[in-house]
1. For the range 146-287, taking Cα atoms only, what is the radius of gyration to one decimal and the Dmax to the nearest whole Å?
2. For the range 1-82, evaluate the Debye formula with one uniform point scatterer on each Cα (no solvent term) and list log10 I(q)/I(0) at q = 0.13, 0.14, 0.23 Å⁻¹, rounded to two decimals.
3. Quote the Stokes-Einstein diffusion coefficient, in whole µm² s⁻¹, for the range 118-212, based on the Kirkwood radius over alpha carbon pairs, a temperature of 4 °C and a viscosity of 1.567 mPa s.
4. Could you calculate the contour length gain from residue 44 to residue 153, that is, 0.36 nm times the residue separation minus the distance between their Cα atoms, to one decimal place in nm?
5. From Cα coordinates alone, what are the radius of gyration and Dmax values for the range 181-226 in angstrom?
6. Give me the percent of Cα-Cα pairs in the range 12-148 that sit more than 18 Å apart, rounded to a whole number.
7. Throw me the Rg/Rh for the chain, computed over C-alpha atoms with Kirkwood Rh, two decimals.
8. Once each part is reduced to its C-alpha centroid, what is the distance from the range 226-287 to the range 1-58 in angstrom?
């Protein structure tokens, strides 16, 4: 796995938007980056609008390609997610990125890009984006520490649903919808022997079950070292009720895997969204009192 160089004060970071158009300005998020001593450089199309998207496919593709190719840019932090990254993903050229690696940071719709980078052997960050910086100090600080190469260790309270144990392995995951969407494509997630983390927002509970069935049928739940369940926010039942709660659906798919499983990890679409380094070796420890996740 290629680990890009960590950042230092004065480094340039590109801000681009491969997906949905902005619904507010990025001033607060940019100020957070500047407070770390970084120099944000905004893609020329990042604040455009074209229907749902931040510009046309061609404009968004041009911005992302510019950011990953730029010789002075040390990291790329996405403006926001939404939908749209998969429309341009197969047209990106990663040759220069593999020669001159840099950190790619984002979550939600950006999961498809993070999975693609993992398949290329390049570590990346599932993290807050510019539009979501400033909402939670701990989450912001987690991204700063990750970018600067400082030690990352998280500790949270245990939940009764957890399956205790210790797992070591590379971390991969992200938004469940985007992970399912990757199956059968060039960015299909590779999970075997890894610690898988998942989050989701705004889905019907039966959709959740259907996606987890798809992961099982595609063998993506086989031979996992561990599972981290993040926020499953604003989940909803159908008028013709599914009959199970969100946690009951999750437990039905993960509790018999024979590996540690932890619930309620602060990652996803809530204000707390701790940075997770995809592709890097991690240690997950769960006991009846607490859960610890650390990167080596």
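Readers should treat all values here as calculations from the given coordinates under stated rules, not as data from a laboratory. Being a predicted model, the structure only gives us computed values, none of them experimental. Note that each Cβ is placed from the backbone with ideal geometry, even for glycine, and that neighbours are counted across all protein chains shown.
1. Gyration radius and largest Cα-Cα distance of the range 146-287: 14.7, 49 Å.
2. -0.40, -0.46, -1.07
3. 81 µm²/s
4. 35.6 nm
5. 11.2, 30
6. Cα-Cα pairs in the range 12-148 separated by more than 18 Å: 48 percent.
7. So for the chain, dividing Rg by the Kirkwood Rh gives 0.95.
8. 28 Å
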